[in-house]
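Q: Quick one: structure below, then a few questions.
The values are calculated or read from the model by the stated rules, or taken from the named source; none is laboratory data. The structure displayed is predicted, hence computed values, not measured ones. Note: ideal-geometry Cβ built from the backbone for every residue, glycine included; neighbour counts use all protein chains shown.
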Amino acid sequence: MSAKLPFPVDLYFHREHTWILREKRDIGDLFRIGLDELFLKDVGKIDRLDLPTEGDELTQDEVCGIVRGEIGKKLLFAPLSGEIVDVNFELHEDPDVIREDPYGIGWIFLVDPNDPAEELESLLKGDEALQWWETEVALRKPQPR
């Protein structure tokens with residue numbers, strides 16, 4: 001790696017700033033989904049979360065929610081297709097949990113994927129994720145006049 005990753009090394013990233021963590025279980029792999037720090041920077045302090053619920057079906061790359069913040073609102077895109085099997089209800093009581101620990105307790109939902117092998121190939125990981133991240137950070141820096 002060219003630099004220290006600003007996020008956990010085992011995450012996959014969707015280009016719309018959601019992260020995915022594979023969790024191996026006895027029943028098969030499940031995937032924990034959350035928002036990255038750049039998504040959070042784009043919306044500012046979160047005012048409201050309009051998120052999918054347990055039992056909802058997701059389709060990769062389709063809008064599955066809206067995050068509204070002090071700076072603006074941003075659409076939440078599903079990074080994988082599958083059924084939501086768990087939701088982080090703590091976020092409805094205190095959405096700042098996402099900002100405090102976006103890659104840990106700030107997760108949004110857990111997905112039982114339909115066909116993860118093919119869909120994971122379209123996501124970013126490792127050096128590719130780092131290069132994408134650095135480009136995204138540069139795009140958000142104020143430009144000199």
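Q: Quickly run through region 126-145 and pick out the residues that are within 18 Å of the chain's Cα centre (by Cα) and either surrounded by 15 or more Cβ atoms within 10 Å (Cβ to Cβ) or not charged (D, E, K, R) (or both).
A: Gly126, Ala129, Leu130, Gln131, Trp132, Trp133, Thr135, Glu136, Val137
Q: Further, regarding this structure: Within region 23-55, can you find the residues that are surrounded by 16 or more Cβ atoms within 10 Å (Cβ to Cβ) and over 19 Å from Arg99 (Cβ atoms)?
A: Leu30, Phe31, Pro52
Q: Follow-up. Does Gly34 meet the test of being touching a Ser or Thr at 6+ places or on another chain (Cβ under 9 Å), in contact (Cβ under 8 Å) with a residue 24 or more places away in the chain and either part of a strand (DSSP E or B) or not charged (D, E, K, R) (or both)?
A: So Gly34 fits the description; yes.
Q: Return yes when Ile66 is surrounded by fewer than 18 Cβ atoms within 10 Å (Cβ to Cβ), assigned to a strand (DSSP E or B) and either charged (D, E, K, R) or under 13 Å from the mean Cα position of the chain (by Cα) (or both) and no when it is not.
A: Yes.
Q: Inspect region 38-56 for any residue being part of a strand (DSSP E or B) and either closer than 15 Å to Val111 by Cβ or hydroxyl-bearing (Ser, Thr, Tyr) (or both) and give the result as yes or no.
A: The answer is no; no qualifying residue exists.
Q: Among (1) closer than 15 Å to Ile20 by Cα; (2) touching a Gly at 6+ places or on another chain (Cβ under 6 Å), where does Gly82 come up short?
A: Every listed condition holds for Gly82 apart from (2).
Q: Pull up region 1-23, narrow it to residues that are among the charged types (D, E, K, R) and at pLDDT 90 or above, then point me to the one that is farthest from Asp127 (Cα to Cα).
A: Among those that are among the charged types (D, E, K, R) and at pLDDT 90 or above, it is Glu23.
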